[in-house]
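Please treat every number below as a calculation from the coordinates, not as lab data. These numbers were taken from a predicted model, which means no experiment stands behind them. In this analysis, Cβ positions are derived from the backbone assuming ideal geometry, glycine residues included, and neighbour counts consider all displayed protein chains.
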Amino acid sequence: MRREGGDAEKGPAYQVLADALRHQILSGELRSGDRLPAEAELCELYGVSRSTVREALRALATERLLVTRRGVAGGSFVAAPQPGDIAGLVQSSLALLTSADSLSVESLIEVRFMLEVPAAGLAAARHAEGDLEALQNSIFDPDVTDLDAMFAANRDFHLSLLRATANPVLEAVAAPIFGVVYERFVRRNAPESFWTQVDHDHRDILDRVRAGDVAGAEEAQRAHLGDIRPTYEQIDRERRERGA
């Protein structure tokens, strides 16, 4: 590590320190499980105050790059992020952009087609028995299931489908887009017919995945996104008309 203080052009001192530590983590210089120097040592190394060090460590912990452990063997350690952690951070950023109308529902749906159609094919080719069980457990009956349960089951189905690809990058990239679309445009706004269509499509996708039908699973997923796309667009139009 090298001594580095605040820089007016780069921002406050804690941000400069956080940037330096982040670079070491992302470059692999600091690896998962590595313990950072104690606060006093970081103060000396970077020529900053203890409050600056603590603020920098808090910022990196918020990004899931560090974890803090208490006790004799405690300290700040480089985290081992899981796909869900990364997806959560991406979803928060996308949600903020969407709420500011910096992202359209059309752009989000377009990316869902790009990611989730081939993902369905990979799930058909690579799934394990546990993946099929998770998908089956996410199937619901719209005639007897309440809204919150349908929303949760729908989310679980799509996450299970992504996990069945055995590609954690797909989950990290695709899951947040799905989450933003449903939280922002669907959760409390979709008509009953939407959930009936979702139930029908999910059963079709599951049948194709279970059969190992790669092309069929992709076709079913493409049809599913096409079936529900008009609902997204209608909800978005109504939201904009209300000025929401």
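For region 13-78, what is the charge dipole size about the Cα centre, in debye to the nearest 20, if Lys and Arg each add +1 at the Cβ and Asp and Glu each add -1 at the Cβ?
Details: 9 positive and 8 negative charges, 62 e Å.
I would put it at about 300 debye.
Test of understanding: what is the full-extension gain from Glu233 to Ala152, defined as 0.36 nm times their sequence separation minus their Cα-Cα distance?
Gain on stretching Glu233 to Ala152: 27.0 nm.
Can you tell me how much longer the chain between Glu29 and Thr145 gets when fully stretched, taken as 0.36 nm per residue apart minus their C-alpha distance, in nm with one decimal? If you can, show how the numbers build up before the last one.
Details: separation 116, 0.36 × 116 = 41.76 nm, distance 5.03 nm.
That works out to 36.7 nm of additional length.
Farthest toward the dipole's positive end in the chain, which of Pro191, Gln24, Ser138, given Cβ charges of +1 (Lys, Arg) and -1 (Asp, Glu) about the Cα centre?
The Cα lying farthest towards the positive end belongs to Gln24.
Nothing charged except the Cβ atoms of Lys and Arg (+1) and of Asp and Glu (-1): what's the magnitude of the dipole of region 117-244 about its Cα centre? Round to the nearest 20 debye.
Numbers: 15 positive and 23 negative charges, 113 e Å.
Dipole about the Cα centre, nearest 20: 540 debye.
Zone of Phe77 (label point 7 Å along Cα→Cβ, backbone N under 19 Å): which residues in region 9-43?
Under cut-off, by backbone N: 22, 25-26, 28-39.
Could you pull out the longest piece of the chain with no exposed loop trypsin sites (Lys or Arg not before Pro) in it, calling a site exposed if DSSP puts it outside H, G, I, E, B and it has at most 10 other Cβ atoms within 10 Å?
71-187
Roughly how many debye, to the nearest 20, is the charge dipole of the chain about its Cα centre, given +1 on each Lys and Arg Cβ, -1 on each Asp and Glu Cβ, and no other charges?
1020 debye
At R0 = 25 Å, how high is the FRET efficiency between Arg203 and Glu110 if r is their beta carbon distance? Nearest 0.05 is fine. Kindly include the intermediate steps, with their values, before the conclusion.
Working: r = 25 Å, r/R0 = 1.01.
With R0 = 25 Å, the Cβ-Cβ based efficiency is 0.50.
Which listed residue (Val117, Val169, Ile228) has the Cα farthest towards the positive end of the charge dipole for the chain, taking +1 on Lys and Arg C-beta and -1 on Asp and Glu C-beta about the Cα centre?
Most positive-ward Cα: Val169.
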